[in-house]
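Following: one structure in structure tokens, then a few remarks.
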Amino acid sequence: MLEIKNLHARSEDTEILRGINLSVAAGEVHAIMGPNGSGKSTLAHVLAGREDYEITEGEVTYDGKDLLDMEIEERAAEGVFLAYQYPVEISGVSNKYFLKAAINSIHKYRDEPVISRKDFVALLKEKLELLGMDKSMMDRSVNEGFSGGEKKRNEILQMAMLEPKLAVLDETDSGLDIDALKIVSEGVNALRSPERAIIVVTHYQRLLEYIVPDKVHVLAGGKIVRSGDKSLALELEDKGYSFLQSGAETVAAG
Amino acid sequence: MIATQSDAYQESFAAFQADQSATSPAWLNEARQTAWDRFLERGLPTRRDEDWRFTPVASLAGRNYRNVQSLSLASDTVETLLQRAKLDDDFHRLVFVNGHYVEGASSHQDLPEGVVVENLASSIREGRDLAEQLLTQPVGKEESAFTDLNTAFASDGAVIDVADGVTLDRPVHLIFLSVEDGPTACHPRNLIRLGNGSSATVVESYHGRDGDGYFTNAVTQIELAEQANLDHHKLQHEQRDSLHIASSHIDQKEHSRFCSHYFSFGAELARNELNCILDGEEIVSTLNGLYMPTGEQLMDCRTRIDHAKPNCNTYELYKGILDDRARGVFNGKIFVHQDAQKTDAKQSNQALLLSDDAVVNTKPQLEIYADDVKCTHGATIGELDEQALYYLRSRGIPESLARKMLIFAFANDVVQGVEVPAVVQHLEAILLSSHGLPDV
Amino acid sequence: MSTENAMLEEFSQREYEHGFVTDIEADSIPAGLSEEVVRLISEKKGEPQWLLDWRLKAYRHWLTLEEPQWHNVNYSPIDYQAAVYYSAPKKKPQLASLDEVDPVLLETYEKLGIPLEEQKVLANVAVDAVFDSVSIVTTFRETLEKHGVIFCPFSEAVHDHPELVKKYLGTVVPHSDNFFASLNSAVFSDGSFCYIPKGVRCPMELSTYFRINAQNTGQFERTLIVAEEGSYVSYLEGCTAPKRDENQLHAAVVELVALDDAQIKYSTVQNWYPGDSEGKGGIYNFVTKRGACRGENSKISWTQVETGSAITWKYPSVILQGDNSVGEFYSVAVTANHQQADTGTKMIHIGKNTKSTIISKGISAGVGQNSYRGEVKVMKNATNARNFSQCDSMLIGDRCGAHTFPYIEVRNTTGKVEHEASTSKVGEDQIYYLRQRGLSTEDAVNMIVNGFCKEVYDVLPMEFAVEARKLLNVSLEGSVG
């Protein structure tokens, strides 16, 4: 479903991604781990299409199409979803209005009819229950005045509502206490399906106890330096990232 | 030069006097004459006046406007405008056409005991003290050319007088319509007084018909006694070729609360002034405003808050969205007098320019003479938030729609401060349609 | 609380340490202003005809102007006929070397902490000393000449580099700019001229030290700095005057021109005599300072610490013409006793991607009145212009005032202008906390006030930052119990 080949990206004068290769198939859950500043969030935002980065080399194929050639909203309509590490606050736009506008925009792109008010309300109710969220939150402005946990839960709610094919979760566990982490993870697990791929970007192994990945990749210095199954995450937990630094150099040298 | 500008009003003042002086009480004739003399002496403001630096009003205000003395009600027009203006059948309603009260269109029965809601002409006829008191005292801190002009022509408007401890449960809706042909002027004078611990909600709406342009020159005087609570809304929907000049003067006593919501959509040139004097401790005042000029419109919003006593809080949020060749002016002054320790005053002014031909002039001012105060003002003028735009787009919303949503959100922020549902719905509908947004 | 009150009460007392008078014979012309006086000044300076013509043009224009009234300062009317428009120490004005400088003058500057003998001077600062109407000496000229940098008295530049003066004089502040600038253009006596050639990074700080000495004399200096393509200069300016009971007028003009990729950093520590605690005497400081970022990627930065003068009226501004040019204004203004300040800046964005920053800190004590007045203008073609302004005021005592009058005008949709202002007082809890840690109340206030001004001190050249800090403490000295 997603094929990243030799991806290089820079922000202003700094090269952040230095040749990423990654292949994710439908139905799989991949975890991308790495120390701070290794380029994890950049990778997530490059996939979503943020314009602050310049792609200098490489290609990304998504569902057989050139992902990098698509506009931000086009990617969303094609089923790419990014759960933000720092969800943006938009005062004056209610969550409900925002969600409905997003769904209808995506439907329009796909030449599907607009969602009826009734269907929308029913769908929203279902997803709210799934995530244990109060419906009063839907009348509040997007993310405004939300606690850290509420913001993250709201991201997963959007993901549940928009039903993406490829979901990228950027540090979704940061700032969550253990209860919130469980709820968010359950929400994500409920969305696991054979048609959907999920990339979990995280610094800590903790999240992976709840969202068990099929594959784990370690990103360091803008490259994937190691890949393995879930045991790699445990190994990292055990030894920390520092032991990888030397490994990264070895790989780079090789 | 000054004389020529005021000349335009000579004829109508003579006609007005001929029509009114015989039936008006002596104190009123005297107040009118004093104001008129001062107006003649001062003349209309020019751009050399610091207060009018960005608002060239002389040519519009110097037109030959005619006062409408007797109404020939073009009922279709009135009916159409009335339907447009009405918000909720449940509201008490006073309707004024070209400055004159129209009983047939108004309805204000079942008022709680101790509440007077009537038109100014009736108040004067009845010899009520409120009319004499407010019409003979200075308007606000200082008279201006336009308040003088209003006093010179003062004959009708709304009067709301609420006795101590009374809550006026339903909002009072004041509707001002200009329907007559040709350049006409009207000078509504509104008086609102709330007794100790009383509360009320007032909505003022201004509408008019297409024609040769007209001039609305409104003055509203508000007195809030201790612990009184007033929610005041103004919806300015004048015709595109009209001149709208209005000022509200609010005098607040201890523990009172005043909340003003101003929404400006119409007129060729609209100038709205709010002057609040906080003459007591523990007062809370909130001034919110939204102005959205397009085409060649010029909207000038001015607020002045005088913190005269300690321990008062004021909050001010004004937002502007300017398109085409529109011009916007915001001037907000917070004046903290020496005695007003522990003042907490926050002012924020934000503007969005949607066109490179639009201009906004902002002048937020602080004048502070007390040392233990918290005063902040912030002014931002700029583009839509790029982060928010990216966020919306990454959820599949096309850029053009995302931009509209953010413009809507920018404006909606002010609308959400309104607590009257009918007013909120009215404003949301305007915001959605004016930016071609889909309904919720 | 009572301690604090006592501290605030005493705020109205302070000593001015540069208030002495130098006894030196002066060559002064009679008081009064007329076309004759303008001609006389020009003649005394042996000026070419074109400059006299320019002065006369300015004088005639000045006659048509009225003194501005829009500012938030009050003063009794200035009698322009009572002032002396030219005064110079009697000795030969042209000096070949420092040895020829009147020792009395050298002593004066030494006393002010500005030694003029090069071996004594801070090694990296070249000084032009202006005493009343004329420049006394300029140090390090030879060193500067090696780099092609011209740093000399304005009157000398008129003779030695007429083509440069002619090319730039009045191009940033025209002779008709405003009442005080026109007056200056008519009667300016001396000042500094700096020219930094293409690609040169000026090897040392340039500095002018202004001293008013003679009685009833107005000081009207004129400074012009031109930074050619890719050059850099940091310029410092300091000022003092003796204690006198009469008010004295100082109306200076400063023009800066920065071409492509050039940078000018202009710092002022203004410590003119502020008048006594009753508000008697003091300098009326009406100054027009403006810089033009003519070239692309050019940058002009104004930093000022204004502690002196009875009245301060100045708005160092930047016209951002070149694309990507940058304007900055950092200001600390202190008004104690009866001082009044109406100061701020103008940032006019004309070029694309232009950026400006305004940081203003106003401190009012005694019955001082401090106003920030600023204008930020984004013109129609100034795509992506950015401005950030922050104006903070601090009040010490309850008889002073702080005022903010920012004007903002935007004509471009991509422009982004942000303005923030706040007012605060020296908190009792802050003083208590510091005293509990062993500081005296006075030191505590100084620490808090210095902390309040830190953002501005951080951009001052080192020597000046130290001087500014000292000055601020002196300004507030005796004010705390």
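Only Lys, Arg, Asp and Glu carry charge here, each on its Cβ (+1 for the first two, -1 for the last two); on that basis chain A has a dipole of about 580 debye about its Cα centre. The figure for C:Met394 is an accessible area of roughly 10 square angstrom, using a 1.4 Å probe on the protein chains alone. With the dipole of region B:390-440 worked out from charges on the C-beta (+1 for Lys and Arg, -1 for Asp and Glu) around the Cα centre, which of B:Ser433, B:Ile397, B:Val418 lies farthest toward the positive end? Projecting each Cα onto the dipole axis, the largest value belongs to B:Ile397. Label zone (B:Ser75, point 7 Å along Cα-to-C-beta; backbone nitrogen cut-off 18 Å) within region B:166-195: B:179-180.
Using the Cβ-Cβ distance between A:Asp179 and C:Lys198 with R0 = 56 Å, the FRET efficiency computed as 1/(1 + (r/R0)^6) comes to roughly 0.25.
With the convex hull drawn around the C-alpha atoms of region B:95-209, the volume per residue stands at 118 Å³.
Within chain B, helices built from complete DSSP H runs that reach 20 Å or longer along their own axis (Cα positions) and carry a mean Kyte-Doolittle hydropathy of 0.5 or higher are B:399-415. Extents of region B:5-279, taken as max minus min of Cα coordinates on every principal axis and listed largest first, are 47, 42, 40 Å.
Show log10 I(q)/I(0) for region A:2-253 at q = 0.11 Å⁻¹, two decimals, from a solvent-free Debye sum over equal Cα scatterers. Here the Debye-derived log intensity ratios amount to -0.59. Cα-based radius of gyration for region B:1-125, normalised by 2.2 N^0.38 Å, reads 1.34.
So what's Rg/Rh here for region B:283-343, counting alpha carbon atoms and using the Kirkwood radius for Rh? Here the Rg-to-Rh quotient is 1.15.
Before I look further, what does chain B give for accessible area per residue, probe 1.4 Å, in whole square angstrom?
35 Å²
Computed across the protein assembly as shown, the Kirkwood radius stands at 34.1 Å (inverse of mean 1/r, all Cα pairs). B:Glu282 exposes around 90 Å² of accessible area when a 1.4 Å probe is run over every protein chain in place. Semi-axes of the equivalent ellipsoid of region B:346-440 are 30, 19, 14 Å, computed as sqrt(5λ) over the eigenvalues of the C-alpha gyration tensor in descending order. In the protein assembly as shown, taking the dipole from charged Cβ atoms about the Cα centre, the farthest positive-side position among B:Gln17, A:Ala233, C:Ser331 is held by A:Ala233.
Placing a pseudo-label 7 Å from each Cα along the Cα-to-Cβ vector at A:Ser242 and B:Arg47 gives an inter-label distance of 7.0 nm. Note on region C:151-192: with neighbouring protein chains present and a 1.4 Å probe, carbon and sulfur make up 50 percent of its accessible heavy-atom surface. DSSP assigns beta bridges within region A:2-253; of those with both partners inside it, close to 55 percent run antiparallel.
Under a model in which nothing but the beta-carbon of Lys, Arg (+1) and Asp, Glu (-1) is charged, region B:390-440 shows a dipole of about 280 debye around its Cα centre.
Just list whichever of B:Lys141/B:Lys319; A:Lys65/A:Lys152; C:Lys265/C:Lys355; C:Lys265/C:Lys454; A:Lys40/A:Lys152; B:Lys346/C:Lys377 have alpha carbons separated by over 20 Å in the model shown.
Those over the limit are B:Lys141/B:Lys319; A:Lys65/A:Lys152; B:Lys346/C:Lys377.
All other residues with a Cβ under 14 Å from the Cβ of B:Pro112 taken together, and with Lys, Arg as +1 and Asp, Glu as -1, what is their net charge? That works out to -4.
Against chain A, whose longest principal axis comes from its Cα atoms, helix A:95-109 is set at around 80 degrees.
Legend: residues B:Arg393, B:Arg128, sorted from most to least accessible area (1.4 Å probe; ligands, DNA and RNA excluded), read B:Arg128, B:Arg393. Taking amide H as placed 1.01 Å from N in the peptide plane, the amide H of C:Arg373 sits under 5 Å from that of C:Thr343, C:Gly344, C:Thr345, C:Phe405, each at least 5 places away or on another chain.
Placing a pseudo-label 7 Å from each Cα along the Cα-to-Cβ vector at A:Arg110 and A:Ser147 gives an inter-label distance of 3.4 nm. What is the sum of charges, Lys and Arg at +1 and Asp and Glu at -1, for the other residues whose Cβ falls under 12 Å from the Cβ of C:Ala382? Computed value for this residue: +4. Computed over region A:54-121, the alpha-carbon pair-distance distribution with 10 angstrom bins reads 16, 39, 32, 12, 1, each value a whole percent. Counting Lys and Arg as +1 and Asp and Glu as -1 over every other residue whose Cβ lies under 13 Å from the Cβ of C:Gly295, the net charge comes to -3. Positive end of the dipole of the protein assembly as shown (Cβ unit charges, origin at the Cα centre): among A:Thr14, B:Gly140, B:Gly165, the Cα lying farthest that way belongs to A:Thr14. Modelled spin-label separation between A:Tyr210 and A:Ser227, with each label point placed 7 Å from Cα along the Cα-to-Cβ direction: 2.8 nm. Taking each of C:Lys346/C:Lys470; B:Lys253/B:Lys333; A:Lys118/B:Lys404 in turn, the alpha-carbon distance tops 27 angstrom for C:Lys346/C:Lys470. Over all orientations, region B:390-440 has a Cα convex hull whose mean projected area works out to 3.6 square nanometres.
A Cβ-based charge dipole, computed about the Cα centre of chain B with Lys and Arg at +1 and Asp and Glu at -1, lands at about 840 debye. Taking only the alpha-carbon positions of region C:160-288 and ignoring solvent, what does the Debye formula give for the base-10 log of I(q)/I(0) at q = 0.18 Å⁻¹? Debye output, listed in q order: -0.99.
The values are calculated or read from the model by the stated rules, or taken from the named source; none is laboratory data. Quantities reported herein were computed from a predicted structural model and do not represent experimental measurements. Glycine gets a Cβ as well: all are built from the backbone with ideal geometry, and neighbour counts include every protein chain shown. Accessible surface is based on the protein model in full, side chains and every heavy atom, while ligands, DNA and RNA are left aside. Shrake-Rupley method; radii C 1.70, N 1.55, O 1.52, S 1.80 Å.
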